[in-house]
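Since every read-out is calculated from the coordinates, none of them should be taken as a lab result. Since we're looking at a predicted model, the values are computed, not measured. Cβ: placed from backbone, ideal geometry, glycine included. Neighbour counts: every protein chain shown.
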Amino acid sequence: MSSGLTPTDEIPTDQLVKKTDQDLYRQLLNQLNASADADGQAGAVNRMVDIRRQLTEFQLHYKFGMDEVLTKINVLREEFEHTRDYSPIEHVNYRLKSLERILDKVQRYGCEPSLDGIRHSIRDIAGIRITTSFVSDSYWVAEMLCSQPDLRVVEVKDYIRSPKPNGYQSLHVILQVPVFLSNRTEFVYVEVQIRTVAMDFWASLEHKIYYTYDGEVPGHILDELRDAATKAAALDTQMAEIRDKVTALREQAPSSGQGATGPTPADRPDPAQWFKGSDDAGSPPFTWQDIQRHTDN
């Protein structure tokens with residue numbers, strides 16, 4: 001039960017499919033229902049070249065979509081760093097899923113072996129992870145990012161309020177991003193994971209442990225992992241309580257501003273409007289709970 005975004009999925013975005021071996025292309029050739037036998041050897045080679053071109057274009061579209069979302073995140077990050085006393089964004093990581101990992105999911109999901117089938121069924125080909133200091137910052141960043149009018153929020157999963165059985169905690173948001181190409185606009189899925197430093201530390205080690213045991217982790221190790229996840233959540237809670245105490249004293253501080261602790265949730269502005277048409281006069285702003293209800297319908 002892996003926690004999702006992992007370094008093993010990463011490939012250099014400037015290389016994409018260039019180094020993928022011939023066996024993988026032959027596997028894709030079969031999965032995409034190529035008629036190699038009917039075409040003969042020359043036809044099979046031509047078909048393989050065509051598949052390679054299609055896959056390069058396919059992955060590039062996800063890279064472009066990921067770049068769009070990264071730009072939005074960097075704008076938020078730089079705005080906070082240069083114009084405010086505090087930034088809720090600690091770190092940003094990203095990856096484009098390799099062809100091997102995509103094929104693995106095609107087989108596990110049993111989705112249609114075509115590019116359209118992959119596009120429809122697999123929504124985490126492009127992945128971004130945002131690390132925050134506090135739990136409330138994770139929700140804050142999610143609200144700011146998802147309020148962007150050209151992003152469509154397709155699905156959300158709140159593993160902070162409802163952790164996975166193994167203890168994993170994070171916010172998962174599936175966005176649909178418009179990619180403006182030379183001859184059309186294409187919408188691609190980008191998965192964004194948002195979690196605290198403590199949650200990220202736990203998830204990173206959990207993945208390494210699962211990789212070491214090839215997914216067959218002994219029961220006593222799983223128990224210790226769940227206990228560690230509980231302690232990480234307790235640490236997040238304790239740090240938030242310390243932040244609140246420091247914030248309560250800031251009026252007495254020799255200098256104004258929130259500094260490294262940041263504003264409490266009550267001090268923050270209302271989240272922006274989430275969806276097209278929600279900016280009618282008098283309509284209330286949407287919160288994380290609203291977006292969950294919207295995507296659940």
Subject >> Val192, Val75, Val179, Val154 arranged by Cβ crowding within 10 Å, fewest neighbours leading >> reply: Val75, Val154, Val179, Val192
Subject >> Gap separating the Cα centres of the range 87-154 and the range 208-249, nearest whole Å >> reply: 23
Original post:
Of all trypsin sites (Lys or Arg not before Pro) in the range 127-177, which ones are in loop regions per DSSP and have a Cβ with at most 16 other Cβ atoms within 10 Å?
Top reply: Arg161
**OP:** Calculate the spin-label point distance for Ser162 paired with Cys111, positioning each point 7 Å from the Cα along the beta-carbon direction, and give it in nanometres.
**Re:** 2.2
**OP:** Treating only the Cβ atoms of Lys and Arg (+1) and Asp and Glu (-1) as charged, compute the dipole magnitude of the range 107-263 about its Cα centre; round to the nearest 20 debye.
**Re:** 200
**OP:** Determine the dipole magnitude for the range 152-211: charges of +1 sit on the beta-carbon of Lys and Arg, -1 on that of Asp and Glu, nothing else is charged, the reference point is the Cα centre, and the result goes in debye to the nearest 20.
**Re:** 60
Original post:
When a footprinting reagent is the concern and you count Cβ atoms within 10 Å, what order do Lys72, Lys231, Lys97, Lys245 take, fewest first?
Top reply: Lys245, Lys231, Lys72, Lys97
